[in-house]
Amino acid sequence: MFVKQISIYLENVKGSLREITQLLGDNNIDLKALSIADTMSFGIVRCIVAEEQIEKTMEILREHGNIAKVNNVICVCIPDKPSGLSKVLTLIEDAGISIEYTYSFYKNTGDNAVLIIRPSEKRRTVAVLSENGIQMLNQAEIDKI
Amino acid sequence: MEKKHLIYNPEMECIDREKLKAIQGQRLRETVKLTYENVPLFRKRMDEKGVKPEDIKSVDDIVLLPFTEKTDLRDEFPFGLLAAPKSEIVRIQGSSGTTGKPIVSGYTENDVEVWTEMVARSLAGAGCGKDDIVQVCYGYGLFTGGLGAHQGATRLGAMVIPMSSGNTQRQIMMMKELGSTILCCTPSYATYLGETIRDMGLDPKKDLKLKAGVFGAEPWTEEMRKRIEELLDIDACDIYGLTEIAGPGVAFECLEKKGMHVNEDHVIPEIIDPVTEKQLPYETPGELVFTTITKTGMPMIRYRTHDICTLYVDKCECGRTLVRMGRITGRTDDMIVIRGVNVFPSQIESVLVKTNGVAPHYVLVVDRVNSTDTLEVKVELTEDMFSDTVAHIEEVKNYIAGEIKSVVGVQAKISLVPPKSLPRSEGKAKRVIDNRKL
Ligand SMILES: [Zn+2]
């Protein structure tokens, strides 16, 4: 029930973010979701691409001297109505799991917004959410968005 | 695995350390007297310091003596530092040096004997005895490697094959046909021999009889040791020496391979702070300094090697009580002083290796802000250090900073930079950028 995410290290965010997105765009990599974590001294770009593009994306990034890594995140469908998001976050937090970060997809699926969640404990989060009837998307479903 | 340790001269190599100190004191007094009376440069330096030979009462008084530098050997080339008449000199050994005049050392019959004993001890330390066949592939000549190993092996009664360096095919043929059991050469040549042997399709386990190697004349690493031991299926032991002091055999590793035992009844090792020139206690890294106490041809008083290492005095499993010197981790020329603390790039490198498994490329940037020295360690990020969360990367940085603080004693700012973004220079990488206007 996990989805693959690519993280890229940025030494300084300004400029290098534009370079990275341009590099990927020039190579026809379709970014389905993207977020940036920004600190005083460095940044991390996190993005989702279709599974068939992951290997190519990593190759391009490495060729251009970037440090990047693929890891698993969870993708959740959030009903597009008030309190939809807070309900999901509450379930996770009540289970004593902390959330490292979240961000959302550019496009919706039907009436649902698609949210990416990186919890401290991935397997337990999946269990908690499915017990409570929250819909999660797998890689194949993500690839279609 | 229980190791069998051969000790050539147990009386001296396993001596009670208090007794050793007494012997060293006596020999130091004699050496200082001999040198003061016969070497004008040394006498002048002693007089300038206001120190008389009679002031040297025990080995602890060694700190009163002036230092000798490599430049002294050049300036006094060739015979200015001899303490014996030229007629008593029976051998000249030397090193070519990279620039200008070579360095030579004159040996009396006694000095050749002392050196031979030190090499004999070293070879025995690697398990060599009378029944062994010793293949010497160090060069024979002015360089001390070939003749040194030759004399030491002969002293043990071993069978010596004086191959000298080069002609790898012939080396391997002789090794195979004569059944050499001990190999003496540089660690880089040992690696090359091992690779060639493997390339030829030979299996050292079946086709060769090698059991150990004594490798020196250049610095090497634990990784190289592992590689050589695997390639040749042997125990690889380190040996240290320098022509100015005697040649190889000044210090040697036993089969425990936990540092090189210094032949302290012939040379006194000291570790000093290269800036303050004060003697440092055991287990503190600093500059290695040697004083010969049995040589009569060209004795060396407090000779500064400019090599950085650490001395360990805890008793070795082999039974020897002689102090052990760790690997040479750098040169004093590489040292930087930050807020009064001596920092060696090699210390920082060891922290990075510990964090990362391998040494990432790094640069030290030193600056002075508001009259305080600052140290920034720029490290090229590797995929192992990286993760998708900010917290993890902060943790890596804090861990490195914490380790540097505890190992080096200086607070450093850690900057992780993209791979291949730091400058690389030909040959030795330039590790230090000092922006201070001193
Ligand atoms: Zn030992």
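Between the helical axis of A:84-94 and the longest alpha-carbon principal axis of chain A there is an angle of about 80 degrees. In a simple Cβ point-charge model (Lys, Arg +1; Asp, Glu -1; nothing else charged), the range B:308-355 has a dipole of about 120 debye relative to its Cα centre. Counting only residues at least eight positions apart within a chain, or on another chain, the lysines with an alpha carbon under 17 Å from that of A:LYS81 are A:LYS107. Residues in the range B:297-311 carry Karplus couplings, in order, of x, 9, x, 10, 9, 6, 6, 7, 7, 6, 8, 9, 7, 10, 9 Hz; the curve used is 6.51 cos²θ - 1.76 cosθ + 1.60 with θ = phi - 60°, and Gly or Pro positions show x. Tell me, what is the percent relative contact order of the range B:138-265, built from C-alpha pairs under 8 Å that lie six or more residues apart? Answer for the range B:138-265 is 20 percent.
Relative to the longest principal axis of the Cα atoms of chain A, the long axis of helix A:51-63 lies at roughly 40 degrees.
Quick one: if you take sqrt(5λ) for each eigenvalue of the C-alpha gyration tensor of chain B, what semi-axes come out, biggest first, whole angstrom? If you can, show how the numbers build up before the last one.
Values: eigenvalues 269, 202, 78 Å².
So the three semi-axes of chain B are 37, 32, 20 Å.
Between amide H atoms placed 1.01 Å from N, distances below 5 Å from B:THR321 occur with B:CYS14, B:ILE15, all of them 5 or more places distant or on a separate chain. The H on the amide N of A:TYR101, modeled in the peptide plane, is under 5 Å from the matching H of A:ARG118, each at least 5 residues off or on a different chain. Within the protein assembly as shown, DSSP assigns beta bridges of which about 75% are antiparallel (rounded to the nearest 5).
Only Cα pairs under 8 Å and 6+ residues apart enter the sum, and on that basis the relative contact order of chain B stands at 13 percent.
I want to verify the translational diffusion coefficient of the protein assembly as shown in µm²/s; compute it with Stokes-Einstein, Rh as the Kirkwood radius over Cα pairs, at 10 °C and 1.306 mPa s.
On the way: Rh = 28.4 Å.
Once the numbers are plugged in, D ends up at 56 µm²/s.
Membrane-span-like helices of chain B, defined as complete DSSP H segments with a Cα extent of 20 Å or more along the helix axis and a mean Kyte hydropathy of at least 0.0, are identified as B:390-408. The 3J(HN,Hα) values that the Karplus relation (6.51, -1.76, 1.60; θ = phi - 60°) gives for the range A:34-45 are, in residue order, 7, 9, 10, 9, 10, 10, 4, 10, 7, x, 10, 9 Hz. Gly and Pro appear as x. Given their separation in residues at 0.36 nm each and the Cα-Cα distance between them, B:THR196 and B:SER164 gain 9.8 nm when the chain is fully extended. For the residue pairs B:LYS211/B:LYS278; B:LYS49/B:LYS86; B:LYS70/B:LYS430; B:LYS257/B:LYS413, the alpha carbons lie more than 31 Å apart in B:LYS211/B:LYS278; B:LYS257/B:LYS413.
The relative contact order of the range A:72-144 comes to 41 percent, based on Cα pairs under 8 Å that sit 6 or more residues apart. For the protein assembly as shown, the Cβ-based charge dipole about the Cα centre amounts to some 520 debye (Lys, Arg positive; Asp, Glu negative; other atoms uncharged). At a Förster radius of 56 Å, what calculated FRET efficiency corresponds to the Cβ-Cβ distance of B:GLU230 and B:ASP60, to the nearest 0.05? The computed FRET efficiency comes out at 0.80.
Residue separation times 0.36 nm, minus the C-alpha to C-alpha distance between B:VAL353 and B:ARG436: what's the value?
Details: separation 83, 0.36 × 83 = 29.88 nm, distance 2.76 nm.
Here the answer is 27.1 nm.
For A:LYS69, the aspartates and glutamates whose Cα comes closer than 12 Å to its Cα, not counting residues fewer than 8 places off in the same chain, are A:GLU55, A:GLU59, B:GLU383, B:ASP384, B:ASP388.
Here, each number is a calculation from the coordinates, and none is a lab measurement. Here the structure is a predicted model, which is why all the values come from computation and not from measurement. FYI the Cβ positions are ideal-geometry reconstructions off the backbone, even for glycines, and counts take in every protein chain you see.
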